[in-house]
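First the structure, in the form of structure tokens, and then the observations on it.
The values are calculated or read from the model by the stated rules, or taken from the named source; none is laboratory data. Please read all numbers here as calculations on a predicted model, not as lab measurements. Don't worry about glycine lacking a Cβ; one is built from the backbone with ideal geometry, like all the others, and counts go over all protein chains shown.
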Amino acid sequence: MAQSEGSSKRSSAAGGWGALKSCGKHLLGSRAPLTGARALLKANQPDGFDCPGCAWGDPEHGSSFEFCENGVKAVSWEATDKRTKPSFFAKHTLTELRGWSDYALEGQGRLTHPMRYDAASDRYLPVSWDEAFAEIGATLRGLDHPDQAEFYTSGRASNEAAYLYQLFARAYGTNNFPDCSNMCHEASGVALIEAIGIGKGTVLLEDFEKADAIFCVGQNPGTNHPRMLGDLRRAAERGAKVVVLNPVRERGLERFADPQNTVEMLRGASRPIASHYLQPRSGGDMAAFRGIAKVVFARDAEAVAAGRPSLLDRAFVEHHTAGFEAYRAAVDATSWDAILDQSGLTMDEIAAMADVYLGAQRVIATWAMGVTQHRHSVATIREIANLLFLRGHIGRPGAGLCPVRGHSNVQGDRTVGINERPAAAFLESLEQHFGLAMPRQHGHNVLAAIRAMRDGTSKAFIGLGGNFLRATPDTPVVAQALASCRLTVHIATKLNHAHLVPGAVGYLLPCLGRTEIDRNDQGKIQIVTVEDSMSMVHGSGGINKPASKELRSEIAIIAGMAQATVGSSSIDWAGFAADYDRIREAIAATIPGFTGYNARVRKPRGFMLRNLAAERVFETATGRANFSADALPAETEHQAAQKTRDTYVLQTFRSHDQYNTTIYGLDDRYRGVYGERRVVFAHPDDLAEIRGRLGDRVDIVGTHDDGITRRAEDFRLVPFDMPRGSLAGYYPELNVLVPLSTFGEKSDTPTSKSVLVTLQARAAA
């Protein structure tokens, strides 16, 4: 039953008994609670599997319980005894299923058999693996050019699967690699490569034990990576300042009750996390950090004038950075009026953040999609890096840059070659090792792939996991793009909406999940590997019985398609599928940092890929860490909205019972919403005004001027603590409002956190 007010039953703290009750609920809901519970004891363990949830790192000194509430949801979701068999598809047409919710579709359970779309009956019909591979191969070979095919990758694919996938696509002849990272942390990769020479963070998990201050920007760990809350809380408990910048006041960043702390649970207690909680306007983070820098420069000038030591790390700036003077000039040229208006913060709030920054000897900055999904996201991340450079907070213990990834192996996939703009050195290494010419022309990212399929210049889509239709912007456009293809292939564990818009030839190929035992033809159990947000690479081996005897591993499916498409004269695809050690040997031979891969990954907790930036070696054009001197945006969406009556800035985010596009349930207890998802959050004063004009239920209408009408229908208004002029709601339901034609500068990341909309009264049914 939906609550009358969205905030009436918010949890008092993240974690606690609510988390334990949720774990029990989801384990029981899987109808295989013992299997799920057994599996959890092996989650994130040296002799177990990597949690299929987030990419937060595993501690070197791990415990027997290295999982969180969302890990329980992910494991029970996969370990369910529910099955989507051929008999299910015999009962339901795809036209009917398109009317089902995401939650209902995935609630049918695990896919069990390879299926082929039959247009005459509008149903998926069973097919043999050999028949599937043969037709997929023949269709790909029949395209006019390999660049007419798109090879999409979900961040849950293992390093081995991703490496084999990119090898298949490149042996076929294309660099078209639309990837889930294009929609989330692409801006982080672009910005960090420019700033420090590598598109990754520079910290280890252990650095959180040493930091004096942690700036947590545009993220909600309580829902998206709950294990991070434990590290933030421990930091707070030993006196570190945790500064949060988030337009929405999220419970998980305020207080946390550790479910593994028996005394705390018995007392019903919780501990605070954030020492400072600032709520900038959406898109205002760059201005906020520019303001901190302006205060720092002013105080430094005062100190030097008074004969005191400089507040900056002059040695680091002089010996390890480039562009300092231009950056300082940009800060000086930025007015306080611009900073305060764009950020939505007060002078006192910015000064308080500067106090924390200057009072800390070791500073970590972390961020997620609240930073990366704006037009100016790359410039914002460069600004965060600028601030850390000023006092040398990079390349030493307890300090550094930390983009927090979502999917469990999205960082690893990029490391092993999933990149539409590959480095020449990588292609040359592949050519030398395999004796095959590799394509050199840059390929498509997600937005380019959608446009190409929409326009008919791409005619095939291969999806290695994920839910492409629901993860992407402009949902109706993407549906039309997929349906217009000559071939669609989806490798998946459960049914989702992307599978319901097949091309002329459409395949649904079921694969093993992360928690399941993977045996080769000789019965040998195989392991795969993943890379977390801290560049740690570790092994993963499932323990559960496969959901169906028909299931094949992602690697086996990729190998089968590759063999049918390009043949085995140059690459022994079957040999790779039979022994994953051989794939790791190929990775070690072609990618720096993986020497001794097979031995190193079998050690407890794996190994760290060398990160030169963390050693203050910067592989940039200057050979130094680069300051940026970007001006603030001429106008953010928030500023634009203020000029137009009844226009708001919408951001999309996840509910607590959700991970990316996977819906585990219909509750969001940290925000006080139960049993529904079609809600839109607003400041109470805005909400009162909206209700006075429009009533309690509204349609949300996009205002982007490109001739396309975008409308999300029938949403309930919910009050929440957030800036005035802001709205927020869940994706994928609201992705219909995110234009394909607006994207991040340099990154092409969808602008899902800054969508201009109006509200209209819900027409009577």
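Exactly one residue among 157, 171, 211 is under 19 Å from residue 385 (Cβ atoms) and of a type in the set (Gly, Ala, Ser), and that residue is 211. Of all residue pairs spaced 6 or more apart or on separate chains, those with beta-carbon atoms under 7 Å, a first member in segment 172-197 that is touching a residue at least 24 places away in the same chain (Cβ under 8 Å) and closer than 25 Å to residue 431 by Cα and a second member that is surrounded by fewer than 24 Cβ atoms within 10 Å (Cβ to Cβ) and acidic (Asp, Glu) are 174/147; 175/420; 176/147; 176/420; 177/420; 197/619. When segment 603-625 is filtered for residues that are of a type in the set (A, V, I, L, M, F, W, C) and not in a loop (DSSP other than H, G, I, E, B), the ones remaining, listed by number, are 607, 608, 612, 613, 614, 625.
Filter segment 72-119 for residues that are without any contact (Cβ under 8 Å) to a residue 40 or more places away in the chain and either of a type outside the set (Gly, Ala, Ser) or touching a Lys or Arg at 6+ places or on another chain (Cβ under 8 Å) (or both) and give the result. Once the filter is applied, which keeps residues that are without any contact (Cβ under 8 Å) to a residue 40 or more places away in the chain and either of a type outside the set (Gly, Ala, Ser) or touching a Lys or Arg at 6+ places or on another chain (Cβ under 8 Å) (or both), segment 72-119 yields 85, 88, 89, 90, 91, 92, 93, 95, 96, 100, 107, 118. The criterion of at least 2 residues that are modelled with pLDDT of 95 or more and not acidic (Asp, Glu) is met by the following strands (runs of 3 or more DSSP E) wholly inside segment 209-259: 213-217, 241-245. Within segment 419-471, the set of residues being of a type in the set (Gly, Ala, Ser), closer than 19 Å to residue 588 by Cβ and under 26 Å from the mean Cα position of the chain (by Cα) comprises 423 only. Scanning segment 553-564 for residues that are surrounded by fewer than 21 Cβ atoms within 10 Å (Cβ to Cβ) and either closer than 13 Å to residue 605 by Cα or in contact with a strand residue (DSSP E or B) (Cβ under 8 Å, 6 or more places away or on another chain) (or both) yields a total of 0.
Rundown of residues vs (1) surrounded by fewer than 24 Cβ atoms within 10 Å (Cβ to Cβ); (2) more than 24 Å from residue 587 (Cα to Cα), yes/no style:
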{"site": "126", "(1), (2)": "yes, yes"}
{"site": "139", "(1), (2)": "yes, yes"}
{"site": "149", "(1), (2)": "no, yes"}
{"site": "186", "(1), (2)": "no, no"}
{"site": "189", "(1), (2)": "yes, no"}
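Of the listed requirements (1) more than 20 Å from residue 465 (Cα to Cα); (2) more than 19 Å from the chain's Cα centre (by Cα); (3) surrounded by fewer than 24 Cβ atoms within 10 Å (Cβ to Cβ), residue 195 misses just one: (3).
When residues in segment 354-369 are screened for being surrounded by fewer than 24 Cβ atoms within 10 Å (Cβ to Cβ) and part of a helix (DSSP H, G or I), 5 of them pass. Looking at residue 267 and the list (1) modelled with pLDDT of 90 or more; (2) over 28 Å from residue 726 (Cβ atoms); (3) basic (Lys, Arg), which single condition is not satisfied? In the conditions (1) modelled with pLDDT of 90 or more; (2) over 28 Å from residue 726 (Cβ atoms); (3) basic (Lys, Arg), residue 267 misses (1) alone. The set of residues in segment 591-616 being over 26 Å from the mean Cα position of the chain (by Cα), touching a residue at least 12 places away in the same chain (Cβ under 8 Å) and within 30 Å of residue 320 (Cα to Cα) consists of 615, 616.
Scanning segment 139-153 for residues that are among the hydrophobic types (A, V, I, L, M, F, W, C) and either in a helix (DSSP H, G or I) or more than 16 Å from residue 491 (Cα to Cα) (or both) returns 140, 143.
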